[in-house]
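Take a look at the structure set out below.
Every number here is computed from the coordinates shown, using simple stated rules; none is lab data. The model shown is predicted, which means the values in this text are computed figures rather than measured ones. Please note: Cβ atoms are built from the backbone with ideal geometry, for glycine as well, and neighbour counts cover all protein chains shown.
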C-alpha cells in the first residue's frame with residue numbers, strides 16, 4: 001500500500017476520535033498494554049516527558065522540544081491531532097515521520113491490529129514509540145490524548161509530568177465538573193516523579209493535585225509561583241515566537257519545566273531557552289497557534305476550541321483594535337457550543353461554515369444557535385469558501401479570524 005492507502009486503512013480499521021468522536025473512544029489501558037507487550041515496551045528505550053492538561057499542552061510540548069533541540073538533544077515529539085498531514089503527530093527534531101516507515105509499520109503489524117482492534121490513537125502511539133526507538137532519540141515529549149488516568153500514553157514512566165491547566169472540555173468522558181476533570185488529569189502523576197501544574201485553578205483543583213502528588217511521593221511545582229525565579233522571563237516572553245495571551249502562561253510552565261529538568265541532570269543553558277522559544281515553529285513544525293496566514297487583510301488562525309481557549313482568543317482579537325472583525329467560524333458537535341458562543345464578540349461579522357468531517361456541526365445549525373446570542377452572519381458550504389468571502393469583503397484595518405475548531409483551522413491553512 002502507498003502512504004495514502006495506508007492512512008485510509010488506519011482510519012478504517014482503527015477508528016479515529018479526531019474524525020468520528022465518541023464511537024472511537026476506548027477508555028482504559030487494556031488494548032494499550034497488550035500492544036505494549038507485543039512490541040516489548042519500546043518507550044523504555046528513551047527518556048520521556050509527559051504533558052497533559054485541557055489547553056496549551058500542544059504549545060507547551062513544542063516549546064519544550066524546541067528548547068531541548070537547541071540544547072543538542074535528539075528529541076521525539078508525539079502530539080495530536082494533526083492539522084494537515086498525519087506525519088505532524090510523530091516528529092524527530094522537527095522532521096515528520098517518514099511516510100515509508102508508516103507504510104512498512106502498518107503492513108508488518110496488520111495481524112496484531114486485527115487481533116487487538118486498537119483505536120487509531122493506540123495504534124499510532126505505538127508506531128511513535130517504535131519510531132523513536134529506531135531513531136535512537138535521547139528524549140521524547142509525549143502529549144496526552146484525552147484526560148490522563150485512562151489515556152493510552154499513561155503507560156510511560158517519564159522524567160517529568162506536566163499538567164498545563166484544567167477547564168471544561170470532553171465533559172462526556174472526563175466529568176462535568178472541574179474537580180472531576182482534574183482527577184482524571186491528575187492520573188498522569190507518577191510515583192516519585194516531579195509534576196508541574198501550569199495554572200493552579202481554584203483551591204479545590206489545587207488540592208486535588210497536591211493530594212495526589214503527596215500520595216505518590218511526587219515533588220510538585222506550581223508554575224505561577226515558581227517562575228518568579230526567572231530574572232530573564234520578561235526577555236524570553238518579549239522575544240517568544242508564540243504570541244497569543246495564553247502563551248504567557250505556557251511559557252511560565254515551560255520555564256518551570258526546564259528548571260526541573262536541569263535539576264534532573266539535563267544540560268540546558270539560558271541561550272538554549274532563548275533560541276528555542278524564538279524559533280518554535282521552524283524547529284518543531286508547530287502550526288495554528290495565533291498563526292498569521294495572510295497580511296492583507298490581516299488573517300489569523302488559532303486552534304482554540306473550548307470555552308477557556310476561546311476566551312483568550314476573544315481577548316486577543318479585541319486588543320487588535322480592528323475596524324471590523326470578520327470571523328470564519330465552525331465547531332464540532334460534541335463541544336459546549338453555547339458556552340463558546342456566549343463569549344464571541346457580538347460586533348463581529350460571521351462566516352459560518354463546517355469542516356469536512358462527521359463531527360462537524362452543520363453551518364446552518366451553528367448559525368441558528370449563534371442567532372440566540374445576537375451573532376450574525378451568512379453560512380457557507382465549506383471553510384475555504386467562507387475564508388475567501390471574508391478576505392474579499394475585508395477593508396483596510398479589518399481583521400479576519402479563522403477558528404472554532406482544529407478542523408476549521410486545518411482547512412483554512414490548506
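Length gained on full extension, residue 8 to residue 85: 26.5 nm, using 0.36 nm per residue less the C-alpha separation. Each label was represented as a point 7 Å from its Cα along the Cα-to-Cβ direction; for residue 365 and residue 233 these points are 4.3 nm apart.
For segment 3-284, the fraction of C-alpha pairs more than 35 angstrom apart is 13%. Computing Rg and the Kirkwood Rh from the Cα coordinates of segment 355-414 gives a ratio, Rg/Rh, of 0.96. Between residue 114 and residue 136, the FRET efficiency from the beta-carbon distance, with R0 = 22 Å, is close to 0.15.
Using a Förster radius of 22 Å, what is the FRET efficiency between residue 372 and residue 347 based on their Cβ-Cβ separation? Nearest 0.05, please. The pair residue 372/residue 347 has a calculated efficiency of 0.85. For the chain, relative contact order (Cα pairs under 8 Å, six or more residues apart, normalised by length) works out to 17 percent.
Taking label positions 7 Å along the Cα-Cβ direction at both residue 396 and residue 381, the computed distance is 3.6 nm, reported to one decimal. Of all beta bridges that DSSP places with both ends in the chain, some 20 percent have antiparallel geometry.
Using the Cβ-Cβ distance between residue 336 and residue 295 with R0 set to 41 Å, the FRET efficiency from 1/(1 + (r/R0)^6) comes to roughly 0.75. Taking label positions 7 Å along the Cα-Cβ direction at both residue 74 and residue 211, the computed distance is 4.4 nm, reported to one decimal. Cα centroids of segment 59-100 and segment 121-166: 12 Å apart.
Over all pairs of different C-alpha atoms, segment 291-413 has a mean inverse distance whose reciprocal, the Kirkwood radius, equals 13.8 Å. Using the alpha-carbon centroid of each, what span in Å lies between segment 347-414 and segment 305-322? Centre-to-centre distance over Cα atoms comes out at 15 Å.
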